[in-house]
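A quick write-up on the structure given underneath.
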Amino acid sequence: MIVDIALQTGPLFLAEAKPSLGAGAVVRFEGRVRGEEKGAAIEALDYEAYEPMARQQMEKIARELGALHPCLAVRVRHRVGRVPVDEAAILVEIAAKHRAEAFAFLAEFMDRLKQDVPIWKAAPKP
Amino acid sequence: MTAALRLLVFGPVRAQVGADRLEVACPDSASQEELWSRLLELHPGLESFRSTVRLARDGEFLPPDALLHPGEEIALIPPVSGG
């Protein structure tokens, strides 16, 4: 399984995956900043990461999930710094032979990321 | 003998202590309880974080019984909120 994970500043995008992996299913998830946080209207969120550990943990989670839900490739981009409302804080793309393992991988990856990957968000100070 | 543990702090813990790194003197093979006792002497405002902050070393969360050694870099990981 190809695992390609990065943290970056600025808007997120994923280039078209090449070469063809023989995937019958490609599932993409984009987690966006909503216009409210803890009941208060916001214009952006600031994301902070302990980057070496965040990459290490995402890689570890991906490898563990790959054993449970065999997929062909996973690509993850998580943004750090200020992320305006409606922009993506995370992009995940899973390629697999069939959709079932791709959906399962994605759902569990996001659950575990929200438990164990050292990234924090905070509303910017006025 | 005591020497310093280097602590990395993030998110709300960093906001509380006003720095992203701390040094705390600890004996060799210190327990996590010992670290917290010394840390709270220096930064009593961290008491409310004690029950939710996990410690990590070399990019991995530490089990509660892992011992700490002078010169190590230990990260204090408050509840995460990425994604």
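Remarks
- Based on C-alpha pairs under 8 angstrom that are at least 6 apart in sequence, chain B has a relative contact order of 40 percent.
- For A:LYS121, a cut-off of 12 angstrom between C-alpha atoms picks up these aspartates and glutamates, skipping any fewer than 8 places away in its own chain: A:GLU37, A:ASP46, A:GLU48.
- Dividing the helix sum by the residues of chain A, where each DSSP H run of 4 or more adds -39500 (n - 2.57), gives a mean residue ellipticity at 222 nm of -9500 deg cm²/dmol.
- Separation in nanometres of the label points that stand 7 Å from Cα toward Cβ, at B:SER51 and A:ARG28: 4.3
- In the frame of its principal axes, the protein assembly as shown has Cα extents of 60, 41, 23 Å, reported largest first.
- For region A:2-122, the relative contact order is 42 percent, taking Cα pairs closer than 8 Å that sit 6 or more residues apart in sequence and dividing their mean separation by the residue count.
- Stokes-Einstein D for chain B, Kirkwood Rh over Cα pairs, 4 °C, 1.567 mPa s (µm²/s): 101
- 0 to 90° range, to nearest 10: angle between helix B:32-42 axis and chain B longest Cα axis: 70
- Net charge contributed by nearby residues that have their C-beta within less than 9 Å of A:GLN8 (K/R +1, D/E -1): +2
- Remark on A:VAL80: its backbone amide H falls under 5 Å from those of A:GLN8, A:THR9, A:GLY10, a criterion applied only to residues 5 or more positions apart or on other chains, H modelled at 1.01 Å from N.
- Rounded tilt (10° steps) of A:51-68 against the dominant C-alpha axis of chain A: 40
- Crossing angle, helix A:99-116 versus chain A [Cα axis fit, 0-90 degrees, rounded to tens]: 40
- A helix-only calculation puts chain B at -6000 deg cm²/dmol for mean residue ellipticity at 222 nm, using -39500 (n - 2.57) for each DSSP H run of at least four residues, averaged over all residues.
Only the coordinates and a few stated rules stand behind these numbers; no lab work does. The structure displayed is predicted, hence computed values, not measured ones. FYI the Cβ positions are ideal-geometry reconstructions off the backbone, even for glycines, and counts take in every protein chain you see.
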